[in-house]
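Heads up, the thing below is written out as structure tokens.
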Amino acid sequence: AQVGNGLGTDGVAPNIPLLPICITKSGYSTTALLIQAIDCAIEQGADVINLSIGGKTGGASMREACQRALDAGIILVAAAGNYKAGEYKRSTTYMYPAGFDGVAAVSACMQAGDQVVFDESYSYFNDQITVAAPGTAIQSLYPGGGTAVKEGTSFAAPVVTAMAAMAKQRSDAITPEAFLELLCSSALDLGEPGYDLYYGYGLADIGAFVEALDQQYPITFHLGGADAAFGAETEVPQSYVLGQEDLPLPEEGKAHARAVYDA
């Protein structure tokens, strides 16, 4: 997925270290293996975990493993789930870990002409969906070499995972909560106005997300001047808080100074 490698696909967030953890045996896995993998990622200091896997039974042990990752500041992104052919579809069906609070659950969209619509042929929909992302007719790297066109929420989730990696590239200190807020507030609202069971808060919008990450905030402070907000003898803060991150104020250059920080 390296940009410009001639294989027909570019990663959204190239040039990042990857930690592949295999949890399948002959195409199958277990909850115990998934929990071990999450704990392994925590021990290895992962910043983001993509969970293009899941089952209809969550359980306390899996929920606790996800919470350990969140408490460690790791962003979790999970596939919402795929219906099998002929399976009854309803909004009360959940896939886990996507169904847990704090996990970014991603449903799948498809392109229909010049529009993007929810792919109702397979994607789960419920009140745990965070956002939607492209999941149908996705060209992806394929085991053994080359690429293949596939579909599923397992292909939609990595788009959002890459956005999480972009956020961590900007600031290691960004929390899972802060990422979810940026992700949801920058999403393109589709379907019913506001939140809905299919698109969540909307279609993941990488361009708008990057703009939110790179937004600049002006900070004006006054130290000790005649018209300053406080006198020169007053002890003043040496830092300010933006979200969860504590940032130092610049050195005083004159009585009235102005600084612009990249957020």
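Give the lysines reachable from K150 as a straight Cα distance under 19 Å; neighbours fewer than 8 places away on the same chain don't count.
Excluding near neighbours in sequence, the set is K84.
First select every other residue whose beta carbon is under 12 angstrom from the beta carbon of T93; then total the charges, Lys and Arg +1, Asp and Glu -1.
Net charge in that neighbourhood comes out at +2.
Give the accessible surface of the range 126-222 per residue, rounded to a whole number of Å², with probe radius 1.4 Å and ligands, DNA and RNA excluded.
47 Å²
Roughly how much of L213 is accessible, in Å² to the nearest 10, using a 1.4 Å probe?
Roll a 1.4 Å probe over it and L213 shows about 10 Å².
Please list, ordered by chain and number, the residues whose modelled amide H lies under 5 Å from the amide H of V131; skip anything fewer than 5 residues away on the same chain.
Sorted by chain and number, the residues that satisfy this are A105, S107, Y201.
The values are calculated or read from the model by the stated rules, or taken from the named source; none is laboratory data. Just so it is clear, the structure is predicted and the values come from calculations on it, not from any experiment. Backbone-built Cβ (ideal geometry, glycine too); neighbour counts: all protein chains shown. Side chains included, ligands, DNA and RNA excluded: accessible areas come from the protein's heavy atoms. Shrake-Rupley method; radii C 1.70, N 1.55, O 1.52, S 1.80 Å.
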